[in-house]
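Working notes, structure below.
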Amino acid sequence: MIATNFMASGRMHRLARLLIRFFSFSILITVVILLVVDRSALAWPQIAINFAYGFTYSVCIGGPAWLIMPRIGRYTTGMKPILRWTTVVLTMTIVANAGFLVALALFSALGFSPWSRYWITFHGGLRFVVAVSVVIGVTVFLYESMRYRLQYEAAQARLSSLESRLHPHFLFNTLNSISALISEDPAAAERMTERLAALLRFSLDSTDRSTVPLEQELKIATDYLEIEKTRFGQRLNYSVDVPAELMRVEVPPFSLQTLVENSVKYGGGEIRVSARNGNGHVVLNVWDSGDGFAKHTDLPAGHGLYNLRSRLEAIWGKKAMLEFDRENSGANVRLSLPIRPAK
């Protein structure tokens with residue numbers, strides 16, 4: 001229920017921002033066109049009428065372009081430049097024609113223009129409308145492509161920085177666990193070393209990946225728990241309940257491992273790892289028998305959960321959620337993120 005409300009609130013917020021951006025852009029384009037085309041109409045009533053006409057054209061043409069062009073951008077990413085730009089210009093030409101026809105039909109239906117002049121007006125203004133639409137469409141396409149690229153590079157840099165801080169933190173904790181057993185139980189230390197080698201291989205393999213299948217992440221988390229169980233013996237017990245249908249869902253590397261590491265470090269001796277499908281979100285939950293954190297505790301910078309939350313923001317933004325509370329004489333740490341099947 002919490003995840004559903006969170007998703008609905010996020011969608012409404014994003015929709016509101018998109019609408020504000022779209023109508024602001026439409027108004028700006030209308031003003032520019034009026035200044036270029038009809039600077040002689042200085043009377044306010046005529047300016048208002050011309051603005052209404054121009055704004056209607058901007059919405060009828062810009063609305064479909066606003067929805068279609070980002071998808072065209074993603075679709076043409078791998079194309080050769082000449083083919084990509086041909087697709088962009090052709091798409092904007094089609095959108096301009098269709099939007100112009102809709103706007104003229106709207107004016108005729110409302111009685112501002114007679115139906116008898118519908119096609120005459122269309123053919124008379126088509127060249128100008130297409131030229132302006134293509135120029136504006138290409139400009140916006142370039143701007144959005146550059147903005148997306150900058151956001152992507154910033155997110156990748158932030159993610160790499162956070163992961164570089166995560167790996168040493170994990171390594172030192174595990175090495176401390178192994179060193180405590182070398183003199184007491186060499187065989188157990190050897191098994192732990194083998195598991196550590198598997199963890200390090202996974203760490204190196206996932207360096208260039210922002211997500212991994214939950215099945216791999218679960219194995220890493222289980223290896224970590226086995227290392228710690230060898231160290232603590234009967235003082236540490238754990239159980240795992242993850243449905244088979246969620247095993248291929250993508251999650252950030254060392255996300256579940258961070259949750260179980262937090263429980264081992266700060267929790268009690270009983271740990272329960274579970275996962276479920278929560279309305280299109282995979283919900284990973286780690287319960288332990290410790291005291292946990294108060295619900296609204298501010299995590300200190302450098303804490304494993306703090307780093308994990310930052311990584312989630314870099315990958316999914318507000319679509320992902322990390323929360324904790326106290327429940328059933330223990331503590332819960334819950335991670336919720338959109339279901340994205342592994343490729």
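Laboratory data are not the source of any read-out in this text; all were calculated from the coordinates shown. Here the structure is a predicted model, which is why all the values come from computation and not from measurement. When we count neighbours, we look across all protein chains shown, and the Cβ atoms used for this are built from the backbone with ideal geometry, even at glycine.
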- Query: In nanometres, what is the gap between the two model label sites at residue 147 and residue 245, each 7 Å from Cα along Cα-to-Cβ?
  - Reply: 3.8
- Additional length obtainable on full extension of the chain from residue 237 to residue 31, 0.36 nm per residue less Cα span: 67.3 nm
- Would you please give the FRET efficiency between residue 291 and residue 176, computed as 1/(1 + (r/R0)^6) with r the Cβ-Cβ distance and R0 = 22 Å, to the nearest 0.05? 0.45
- Query: Quick one: if the Förster radius is 45 Å, what FRET efficiency do residue 105 and residue 318 give, using the C-beta to C-beta distance and rounding to 0.05?
  - Reply: 0.70
- Which of the peptides 258-269, 100-111 is most tightly packed, and how do the rest follow, going by the mean number of other Cβ atoms within 10 Å of each residue? 258-269, 100-111
- Query: How much FRET efficiency would the formula 1/(1 + (r/R0)^6) give for residue 279 and residue 112, where r is the Cβ-Cβ distance and R0 is 56 Å, rounded to 0.05?
  - Reply: 0.75
- Message: Once you order the gyration tensor axes a ≥ b ≥ c over the Cα atoms, which shape class does the stretch 237-291 get: rounded for a/c under 1.5, otherwise prolate or oblate by comparing a/b with b/c?
- Response: prolate
- How much length is gained on full extension from residue 119 to residue 183, taking 0.36 nm per residue of separation minus their Cα-Cα distance? 13.9 nm
